[in-house]
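So the structure is just underneath, and the comments pick up after that.
The values are calculated or read from the model by the stated rules, or taken from the named source; none is laboratory data. Nothing here was measured: the structure is a model prediction, and the numbers come from that model. Every residue, glycine among them, receives a Cβ derived from its backbone with ideal geometry; neighbour counts consider all protein chains shown.
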Number of protein chains: 2
Amino acid sequence: MNLLLLEDGDFIAADRVLLSGRRLKHLIDVHRAEVGDSLRVGRLNGLMGSGQLLRLDAEHAELSVQLDQPPPSKLPLTLLLALPRPKMLRRVLQTVSSMGVPRVIFLNSYRVEKSFWQTPFLEPAAIREQLILGLEQARDTVLPEVIIEKRFKPFVEDHLPSIATGTLGLTGHPGDYTLCPRAVEQPVTLAIGPEGGWIPYEVEKLQHAGLQPVQLGERILRVETAVTALLSRLF
Amino acid sequence: MNLLLLEDGDFIAADRVLLSGRRLKHLIDVHRAEVGDSLRVGRLNGLMGSGQLLRLDAEHAELSVQLDQPPPSKLPLTLLLALPRPKMLRRVLQTVSSMGVPRVIFLNSYRVEKSFWQTPFLEPAAIREQLILGLEQARDTVLPEVIIEKRFKPFVEDHLPSIATGTLGLTGHPGDYTLCPRAVEQPVTLAIGPEGGWIPYEVEKLQHAGLQPVQLGERILRVETAVTALLSRLF
């Protein structure tokens, strides 16, 4: 946790917060914080700054905070991801949140196992928890938007073309395609497939919606690694 | 497992292998393989090709194999990593193996907890297991070399300068440094710090050995994400 993220409910005055639970435990166990310490803080979906620890006991931490810095900017990106398996889903959510992706759309694909859609990790509170861990890691305050699209065809036919309009539309897919471009200047719509990749029909439908297939080389990367590698190359 | 990796002990003839254990279980449970199926195979530290499943039962799988393709090339890189915490270590080993890093040196740092050096995940067999998972993921056959250096100062003073000679030497470090270069043409020696980063003394010693600090932006990434992001940008 490189940033102590504060929620509206933590504020007991305009410049004063009271914390308990996970963040209190982290302050005590990991930061080994003491009264008087100064910590990096940020208000969820708001500004960042510093907090001074006024009081600390087993039940609560009280801090006075000064919030005057904007959070880091987000990437100009809409990321489409075939729904990963539950364990990977949690890590991917942290990764995209820490890397500054503002909008993620989880999509069905032929190679997404039906059972993946049943995971409790897709519930809003579970998604939010992982996104917040990513923000705390990267020192950001703004929650990415996460959208769930369980039906591939209607989404790709009816909604994706307007999302992709005016952006560089790309599908990350191993194969005999051009290499993923580097350091692009325009906004991007990027689709990344499941373990095993998109099927040819899906690559074609994505292409029809404005997303051209690009590759990263011979090596097949795990979804989480592919996300990081593609974003790092593009931006 | 995108490649069935064969070891010398699996061969019962020049073009015939007998498998049991983890790989047999994977063939049955995940690939749902059947006699006659053709699978991508590779010989550890050797060529890749295809294998045909001749026999499959609860005890063994027997394949005839044809090995005629070279594995993908490695990155021209020596990667120095401050030893990560044990759980992260395992994932990092898979990541570097899948991304084609040929040589990794795990190094001490002020912010590496002493207990991390006690983990059983540092034993040669445990390291090898994770590297092999990375090779199977990426479709590579060549094990990276992993070197353990428990003492920072003697390594950085006495050995690092000769490793870095003739390469682009870089230390990934958040701060007011130049941005990490993109798409470099020469071999690289890259050092990545622990969670919390190198201390200033370490950055200075690395710089003295020929590694200039470079940054990736305001966001603080987990070690595993930083490794992928830096490699994807550099190569």
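From the list B:Arg139, B:Arg103, the one residue that fits, being in contact with a strand residue (DSSP E or B) (Cβ under 9 Å, 6 or more places away or on another chain), within 14 Å of chain A (Cβ to nearest Cβ) and surrounded by fewer than 22 Cβ atoms within 10 Å (Cβ to Cβ), is B:Arg139. Scanning region A:112-166 for residues that are of a type in the set (Phe, Trp, Tyr) and more than 30 Å from A:Leu39 (Cβ to Cβ) yields A:Phe116, A:Trp117, A:Phe152, A:Phe155. Among the residues of region A:47-65, those identified as touching a residue at least 24 places away in the same chain (Cβ under 8 Å), touching a Lys or Arg at 6+ places or on another chain (Cβ under 9 Å) and not hydrophobic (A, V, I, L, M, F, W, C) are A:Gly51, A:Glu62, A:Ser64. In the set A:Leu93, A:Leu44, only one residue is touching a residue at least 40 places away in the same chain (Cβ under 8 Å) and closer than 16 Å to A:Leu231 by Cα; that residue is A:Leu93. Examine region A:195-207 for a residue that is within 14 Å of chain B (Cβ to nearest Cβ), buried (at least 19 other Cβ atoms within 10 Å of the Cβ) and either modelled with pLDDT of 95 or more or in a helix (DSSP H, G or I) (or both), and state whether such a residue exists. No, region A:195-207 contains no residue that is within 14 Å of chain B (Cβ to nearest Cβ), buried (at least 19 other Cβ atoms within 10 Å of the Cβ) and either modelled with pLDDT of 95 or more or in a helix (DSSP H, G or I) (or both).
Here is a yes/no grid of residues against (1) within 13 Å of chain B (Cβ to nearest Cβ); (2) more than 21 Å from the chain's Cα centre (by Cα); (3) modelled with pLDDT under 95; (4) at negative phi:
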{"residue": "A:Thr78", "(1), (2), (3), (4)": "no, no, no, yes"}
{"residue": "A:Arg91", "(1), (2), (3), (4)": "yes, no, no, yes"}
{"residue": "A:Met99", "(1), (2), (3), (4)": "yes, no, no, yes"}
{"residue": "A:Pro120", "(1), (2), (3), (4)": "no, no, no, yes"}
{"residue": "A:Leu133", "(1), (2), (3), (4)": "yes, no, no, yes"}
{"residue": "A:Glu145", "(1), (2), (3), (4)": "no, no, no, yes"}
{"residue": "A:Pro154", "(1), (2), (3), (4)": "no, yes, no, yes"}
{"residue": "A:Pro181", "(1), (2), (3), (4)": "yes, yes, no, yes"}
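Restricting attention to region B:18-44 and to residues that are assigned to a loop (DSSP other than H, G, I, E, B) and among the charged types (D, E, K, R), the residue that is surrounded by the most Cβ atoms within 10 Å (Cβ to Cβ) turns out to be B:Asp37. Taken together, the residues in region B:1-19 that are farther than 14 Å from B:Leu53 by Cβ, free of Cβ contacts under 8 Å to residues at least 60 places away in the same chain and not charged (D, E, K, R) amount to 5.
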